Amino acid sequence: MSIYFRINKRTSSSWLLSVFLPFISVLLALIGGSIFLAFLKVSPIQAYRGMFQTAFGDWYGISETIVKAIPLILSGIAVTLAFKATVWNIGAAGQIFLGALATTAAVRYFYVDNRGIMLVIMFLFAGIAGGGWAAIAGYLKARWNVNETITTLMLNYIAIHLADYFIYGPWKDPDSLGFPMTAPFPEAARLPQFAGTRIHYGLFIAIFFAILFWFIFRYTRWGYEIRVIGENPKAAQYAGIYYLRYIVLIMFISGAIAGIAGMGEVSGLQGRLQHGFTAEFGFTAIIVAWLARLNPISVMLVSFLIGALQVGGESLQILMRLPIASTLVLQGLILFFVLGGEFFRNYRIRFIRGDER
Amino acid sequence: MMVDENAILKKYWKNPIAKRSLINWREVARYAHHLIRKYYIAVPHVRYPVKNLSGGNLQKLMLGRELSDSPQVIIAMHPTWGLDVAATKFVREQILKERDRGASVLLISEDIEELIALSDRLAVICKGEIMGVIDKPQEVTPEVLGLMMAGTPLKNIQKVSA
């Protein structure tokens, strides 16, 4: 006797399933991660407990988690917007760099000794630079149907090296003892931080954008049009939505939000532009957007959890003496299991005994 | 896309579906329910993914979406392609109903039986050229249509049979 299995499409999705699926997926990812940790000769329970305590154990841990979550929320929303329209913006990383570059340029060349005005100038610079950078890929896609996955990805490298040119070259702080960084921003060019923590006011910008885009997606014509474009470009064209112009616009806004994430990092957190100030959260944003199922409110939640994972991951390095890559492996496992779990949202597997056929 | 989202594809910017830039989802649901009742679309609820609908129900939804605005001209291309018997009958009835209402219908099909049953006038095209226009399709035999489809002009056929 043999056992077969058959894959059937689900006709209705159960409420219970959609609530528990993410938890089961994360649980399985942690189990998978514990096998990996066991290979590294580390007790998984100890490691997970250490991570949890570092990230949530005290106010400092929580505040650091929020610090990590801020850029993730912004770039997560940037990516979500593009992905909703099935425009594959993989270039949040580069747009973040352009935003940070433009912020620094604003501080250097358009400095106003008034925090309110200065922050508005930096905000506009970062948004336009990040948006313009992404719009290049959007225009190429609209005009010549160039694959935007590739152009946005390639523009990342250009942006990162462009930033390095300024950091190592003309903008290098002469007093930095040779370290690749610009001079610290003056006080008026800093986003304020909450007393005693590194949480900066970028948090408000992030929450504002999350709620704004949740509202746009849900209640406006614009959100509806993005959804139609994303699910069926032909239907969009049929409905009279000018698809090509939309792609450029969506790319611009997506890039602008990512650029503002870059401004938050240099102006709120680090207070200067330095080499490799952020490499990975432009890519982590993609994970965030998928895990949040392209819902801006969930993006906030998921960013917080990924932030906790990163803060906790740092404790792995310190407490367990593990390399940073081990955190990335855990992140990857979570993504793998959660996206794999999506399969069960749409399909069910039935096992059939051979003699029943 | 959900059934209600699909239903408003051609009117999502119009009052009362939308007021200025905001979409009134209660109104959308009301409209979708209206289509579902009027065109006998079998769906569990209006927030049901369109991609899970059967071919017949999908076609009925599209038909409802397009016909509800009382168009002057309807171009129907293979309107019953791949549908079951009941859905085919329903779609054909709706097309005739539109004709009776006064709409001009251009029916494009390869289903000879359907063409004979629905058409008031019937033109046969072979290799991009019209082989002839039949004024009373119900009186013509499938053999004649077959000859025309294969490239024989109508006037030649009449000569032979006369």
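Checked against the criteria, B:Asn52 counts as within 14 Å of chain A (Cβ to nearest Cβ), surrounded by 14 or more Cβ atoms within 10 Å (Cβ to Cβ), more than 19 Å from the chain's Cα centre (by Cα) and of a type in the set (S, T, N, Q). None of B:Asp84, B:Asp4, B:Asp69 is within 14 Å of another protein chain (Cβ to nearest Cβ), surrounded by fewer than 13 Cβ atoms within 10 Å (Cβ to Cβ), acidic (Asp, Glu) and touching a residue at least 24 places away in the same chain (Cβ under 8 Å) except B:Asp69.
Could you tell me whether A:Leu74 is surrounded by 16 or more Cβ atoms within 10 Å (Cβ to Cβ) and more than 15 Å from the chain's Cα centre (by Cα)? In short, no. One residue stands out in segment B:11-31 among those that are surrounded by 15 or more Cβ atoms within 10 Å (Cβ to Cβ) and facing chain A (nearest Cβ under 8 Å): the one that is farthest from A:Gln237 (Cα to Cα), namely B:Trp25.
Among the residues of segment A:168-223, those identified as among the charged types (D, E, K, R) and closer than 23 Å to A:Leu81 by Cα are A:Arg218, A:Arg221. Among residues of segment A:197-225 that are more than 14 Å from every other protein chain (Cβ to nearest Cβ) and farther than 19 Å from B:Val28 by Cα, those with a Cβ under 7 angstrom from a residue that is assigned to a helix (DSSP H, G or I) and hydroxyl-bearing (Ser, Thr, Tyr), sequence gap 6+ or separate chain, pair up as A:Thr197/A:Ser63; A:Arg198/A:Ser63; A:Ile199/A:Ser63. Among the residues making up segment A:111-152, those that are more than 19 Å from A:Leu273 (Cα to Cα), of a type in the set (Val, Ile, Thr) and buried (at least 18 other Cβ atoms within 10 Å of the Cβ) are A:Ile136, A:Thr151, A:Thr152.
We did not get these values from a lab; they are worked out from the coordinates using the rules stated. Treat the numbers as computed from the prediction; the structure is a model and nothing was measured. No Cβ is skipped: glycine too gets one built from the backbone with ideal geometry, and neighbour counts run over all protein chains shown.
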